[in-house]
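The values are calculated or read from the model by the stated rules, or taken from the named source; none is laboratory data. As the structure is a prediction and not an experimental result, all values here were calculated from the model. Cβ placement follows ideal geometry from the backbone for every residue including glycine, while neighbour counts extend to all protein chains displayed.
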Amino acid sequence: MVRHVALFRWKPETSEEDVSRLEAALRRLPQKIPCIGAYRFGRDLGVQDGNADFGLVADFN
């Protein structure tokens, strides 16, 4: 098993629509890559300054 972790920081010009399109594309990814076992992603909750804006964790079998 391989675990892939990716953290993203958006450029100031990144729009809500851009992020929503990314989320829609990421929802489809497990259908295209069958070796993805577990898969989670989401936006930062804004609890603490300095965190990444978005995170993704994928486990590959």
When segment 10-43 is checked residue by residue, the ones that are over 27 Å from Asn61 (Cα atoms) and surrounded by 11 or more Cβ atoms within 10 Å (Cβ to Cβ) are Trp10, Thr14, Asp18, Val19
Is it the case that some residue within segment 18-39 is charged (D, E, K, R), assigned to a loop (DSSP other than H, G, I, E, B) and free of Cβ contacts under 8 Å to residues at least 60 places away in the same chain? no
All positions within segment 40-61 that are hydrophobic (A, V, I, L, M, F, W, C), in a loop (DSSP other than H, G, I, E, B) and modelled with pLDDT of 95 or more: Ala52
